[in-house]
There are 2 protein chains.
Amino acid sequence: MPKLESKQSNKVASGTLTKYSFPSTSLGGLTTNFNLFLPSSASSSSPVPVLLYLAGLTCNEDTGAQKGGFLLTAAKHGLAVVMPDTSPRGAEVEGEDEDWDLGSGAGFYINATADKWKKYRMYDLIVEELPKVLKEADLGLDLTRMSVFGHSMGGHGALMLYLRNPNLFKSASAFSPACNPSQTPWGKKAFNAYIQPCTRSSPPSEWLAYDSSRLLARSEIAKGDVHILVDVGTGDQFLKDGQLEPDALKEAAKENGRTQEEVQVRLQDGYDHSYYFISTFASEHVEYHANFLKA
Amino acid sequence: MPKLESKQSNKVASGTLTKYSFPSTSLGGLTTNFNLFLPSSASSSSPVPVLLYLAGLTCNEDTGAQKGGFLLTAAKHGLAVVMPDTSPRGAEVEGEDEDWDLGSGAGFYINATADKWKKYRMYDLIVEELPKVLKEADLGLDLTRMSVFGHSMGGHGALMLYLRNPNLFKSASAFSPACNPSQTPWGKKAFNAYIQPCTRSSPPSEWLAYDSSRLLARSEIAKGDVHILVDVGTGDQFLKDGQLEPDALKEAAKENGRTQEEVQVRLQDGYDHSYYFISTFASEHVEYHANFLKA
């Protein structure tokens, strides 16, 4: 197992925020960073549940920690928060740093299959490698109790990872998520590059495997057992631009016979896509997950 | 009066955060920015109290808004928060952008008297011009009820502005403030440049007029009427480096016959100088000021 290197540590909310790095097998050996908030109650003999936060385009492992406003509520409930980076760094792919919505800062939490992007395997990093690395490091985390939330691209990540791995995560929530990325501009650009170009009107199955609306429509999770909370601001420019499509998620929930309690999609009047929106509802999301993580 | 220009607006904590700019007379005509958080309850007919937040070295009007974590509590108590920039910008002083602790981002909330820095008049901006501009703009603020808080250089600013203007502010609080800047490196560097060089062992009166410990020691505020709260982390590197000197403030309080209730100086175990520290205690500071602003 790779060794975690501690890069920085700050006391916050009576607990400790530590930035770790390690060479990631999933990312072809590239070093990746994550932040871990550990509440003061955590110990090897009394491990705490884990909330995974996935940030959006252009962000990194620091964004949620600095601007999200969820650490005090996590501390109150004795939850750890793991905040990974949003993409590999330094993969040396041509054009990697040119676009804000492709390459660096835009890993989309998927496994790239296109040879050019072969180190872009954030899905494996988050779902397989990171939990193993955390377990091995014996930091006081109970990795059998995990939930996931995120923002925008990270909201897509949270919903998609949860729907594909309902045994790994107890619940998922998202701020302003891209709910239907196989049909919307950011997702199409990323999937075209990372997976395979699609010129047909209906996307290939390889794309659909990363589309939360499609995954929810076909979900085989037992009746009553889906736990999803989504908040979207009505003043969000990306909602207006057709990047988010929360209605597609609502339609999928209906198609799959889910109740409104299982899949809560809330429109928040006047809020936009920024961390000001996230910080306003951060506590509610942490409380939501605490229900399932502490049950 | 100069006209306020609205540059950006975000909904947050059920209220609105707006970035304004205006050409400042105090700053020799330079355009300056500030952020205003207005709770949803504010209106011309029902104006709300104002909490002024002063950020530290290298920061600007956005830092507290994005990382401070105090807007939700301000909203809860119906308080506006005004967050000015930390210095003039673009004054075109030679060397202005070279040091992180002098010039841009380092206005120290004083009036420079050295000719070279003549546009560095943040004291006048904050104490005189900004309140006038806010009043004129009729934004729903009750400027007869103001308190002030800040961080580091801005903590120095908050304490100093309050002690010099007890009729303008109901209370002051600070995270990791430079309590004795006429005796400590940041302050001495700034005062040497902005005011006048001092080679003697005892600083000139022009320096002492901006030193909170000195101001408190000589304060003529009525008995029982000083309202100061200070938090400093014991893990703060700048505390260890002798930049903060909270003991000097405590000594001054004693010398001036103040009770520990009037001047509360708290050491917080293990916290450092970062916004992680501020965000942990932000709510307590806002609650503290709410006591006096809503009385």
Find all pairs meeting these conditions: Cβ atoms under 6 angstrom apart; at least six residues apart or on different chains; first residue within the range A:199-222 and without any contact (Cβ under 8 Å) to a residue 40 or more places away in the chain and closer than 14 Å to residue A:159 by Cα; second residue of a type in the set (A, V, I, L, M, F, W, C) and part of a helix (DSSP H, G or I). A:213/A:248; A:213/A:249; A:213/A:252; A:214/A:208; A:217/A:252
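Could you list, in sequence order, all residues of the range B:76-101 that are surrounded by fewer than 23 Cβ atoms within 10 Å (Cβ to Cβ) and closer than 23 Å to residue B:148 by Cβ?
B:76, B:77, B:78, B:89, B:101
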Scope the range B:44-73; condition open to solvent by less than 40 Å² (accessible area, probe 1.4 Å), over 18 Å from residue B:129 (Cα atoms) and hydroxyl-bearing (Ser, Thr, Tyr); matching residues: B:63, B:73
How do the helices (runs of 4 or more DSSP H) wholly within the range B:179-295 filter down when requiring 2 or more residues that are buried (at least 21 other Cβ atoms within 10 Å of the Cβ), within 14 Å of chain A (Cβ to nearest Cβ) and of a type in the set (Ser, Thr, Tyr): which remain? B:275-293
Scanning the range B:142-156 residue by residue, those part of a strand (DSSP E or B) and either open to solvent by less than 10 Å² (accessible area, probe 1.4 Å) or touching a residue at least 24 places away in the same chain (Cβ under 8 Å) (or both) turn out to be B:142, B:143, B:145, B:146, B:147, B:148, B:149, B:150, B:151
Within the range A:44-62, tally of residues that are of a type in the set (S, T, N, Q) and touching a strand residue (DSSP E or B) at 6+ places or on another chain (Cβ under 8 Å): 2
Qualifying positions in the range A:1-26 - away from chain B (no Cβ under 11 Å) and in a loop (DSSP other than H, G, I, E, B): A:1, A:2, A:3, A:4, A:24, A:25, A:26
Pairing a residue in the range B:1-30 that is over 23 Å from residue B:76 (Cβ atoms) and open to solvent by 60 Å² or more (accessible area, probe 1.4 Å) with any residue that is of a type in the set (S, T, N, Q) and part of a strand (DSSP E or B), where Cβ atoms lie under 6 Å and the two sit 6 or more apart in sequence or on different chains, gives B:5/B:21; B:6/B:18; B:7/B:21; B:23/B:31
Residue that is over 27 Å from residue A:98 (Cβ atoms) and under 17 Å from the mean Cα position of the chain (by Cα), where the choices are A:202, A:147, A:219, A:152: A:147
I'm trying to understand the selection: among the residues of the range B:103-113, which are touching a helix residue (DSSP H, G or I) at 6+ places or on another chain (Cβ under 6 Å) and over 27 Å from residue B:145 (Cα atoms)? B:112
What are the residue pairs meeting all of these: first residue in the range A:104-116, first residue under 12 Å from residue A:27 (Cα atoms), second residue basic (Lys, Arg) and surrounded by fewer than 23 Cβ atoms within 10 Å (Cβ to Cβ), Cβ atoms under 7 Å, and 6 or more apart or on different chains? A:112/A:118
Pick out the one residue from A:40, A:44 that is modelled with pLDDT under 95, under 18 Å from residue A:17 (Cα atoms) and among the polar types (S, T, N, Q). A:44
Return the only residue of B:139, B:163, B:168, B:159 being out of contact with any Gly (no Cβ under 9 Å at 6 or more places or on another chain), assigned to a helix (DSSP H, G or I) and at pLDDT 95 or above. B:163
What is the residue count in the range B:139-176 for residues that are out of contact with any strand residue (DSSP E or B) (no Cβ under 6 Å at 6 or more places or on another chain) and either among the hydroxyl-bearing types (Ser, Thr, Tyr) or closer than 26 Å to residue B:270 by Cα (or both)? 4
For the range B:119-136, which residues satisfy the criterion of being open to solvent by less than 10 Å² (accessible area, probe 1.4 Å) and not in a helix (DSSP H, G or I)? B:120
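The values are calculated or read from the model by the stated rules, or taken from the named source; none is laboratory data. Because the structure is predicted, anything quoted here is derived from the model rather than measured. For neighbour counting, all protein chains shown are included, and Cβ atoms are generated from backbone atoms with ideal geometry for every residue, glycine included. Ligands, DNA and RNA are stripped out before the accessible areas are found, and what is left, the full protein with its side chains, is counted by its heavy atoms. Shrake-Rupley method; radii C 1.70, N 1.55, O 1.52, S 1.80 Å.
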